């Protein structure tokens, strides 16, 4: 578990100084285009800090289903300073920013936006320059210095791998479990409602602290939660417009948000 940090520090999470700001500004000068096409979907995730208990089952499910290294999680769990004596936690995946510095800085187009807004990686194009990792203000990317051949300690208890392991020399990160989304849509399922079509971290949460869905659908779990409660996005000052929203811990408000995933 990481050291406890304050709420103000959390909002400024993972700003790593002048280097990131300089690279972000440089990247915006020569942005790469989004993947061609359009989509009726704008996928987003909502994390309710009033519900999150820091159990890290979301991280374990991600590790199992995406076959990640235990020491390089795609979903980090950060413990914040308590509120009224109660622990507060913040899971941190990739933010899937609408104005993503990692996309803008990549010199070969290996990281890019899908039409539905998911920030993707093309591992065949990645040259291992790590510019994306340095440009990300959220610390959401890891790098494969070596070929991952070890045992996945989250398998089979927390699920089975659904994607291939990435090769040595590439950057990797959370993908919103795009493969589950795409497979689910092809089967007529609704991501954020049907478990099989929903990111593994959301489906695994035992307390309903994570929601997923389509921002274009006012009836989706994320749209309903954002309409009902105040929310924050990390590092709003950078203009990245993350697709991950946090509902701050509201200990005085015991009303539950509908969990959505079935």
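The condition of being in contact with a helix residue (DSSP H, G or I) (Cβ under 9 Å, 6 or more places away or on another chain), at pLDDT 95 or above, part of a helix (DSSP H, G or I) and surrounded by 13 or more Cβ atoms within 10 Å (Cβ to Cβ) holds for only one of 44, 27, 61, that being 61. Summed over segment 84-104, residues that are closer than 26 Å to residue 238 by Cβ, in a strand (DSSP E or B) and more than 14 Å from the chain's Cα centre (by Cα) total 2.
Screening 199, 230 for residues that are crowded, with 23+ Cβ neighbours inside 10 Å and either within 17 Å of the chain's Cα centre (by Cα) or touching a residue at least 12 places away in the same chain (Cβ under 8 Å) (or both) leaves exactly one candidate, 199. Of the listed requirements (1) over 17 Å from the mean Cα position of the chain (by Cα); (2) crowded, with 22+ Cβ neighbours inside 10 Å, residue 123 misses just one: (2). Among the residues of segment 197-215, the ones that are part of a helix (DSSP H, G or I) and under 16 Å from residue 174 (Cβ atoms) come to 5 in all. In segment 98-112, the residues that are at negative phi form no Cβ pair under 7 Å with any partner that is crowded, with 23+ Cβ neighbours inside 10 Å and modelled with pLDDT under 95, whether six or more places apart or across chains.
Against the numbered list (1) modelled with pLDDT under 95; (2) in contact with a helix residue (DSSP H, G or I) (Cβ under 8 Å, 6 or more places away or on another chain), residue 214 comes up short only at (1).
Among the residues of segment 239-249, the ones that are buried (at least 17 other Cβ atoms within 10 Å of the Cβ), modelled with pLDDT of 95 or more and either part of a loop (DSSP other than H, G, I, E, B) or more than 16 Å from the chain's Cα centre (by Cα) (or both) come to 3 in all. Residues in segment 126-147 that are in a loop (DSSP other than H, G, I, E, B) and either in contact with a strand residue (DSSP E or B) (Cβ under 6 Å, 6 or more places away or on another chain) or more than 21 Å from residue 77 (Cβ to Cβ) (or both): 126, 127, 128, 129, 130, 141, 144, 145, 146, 147. Between 226, 238, 247, 185, the distinction of being touching a helix residue (DSSP H, G or I) at 6+ places or on another chain (Cβ under 8 Å) and over 29 Å from residue 125 (Cα atoms) belongs to 247 only.
The values are calculated or read from the model by the stated rules, or taken from the named source; none is laboratory data. Just so we're clear, the structure is a prediction, and the values are computed from it rather than from any experiment. Counting neighbours? That spans all protein chains shown, and the Cβs are built from the backbone with ideal geometry, glycine included.
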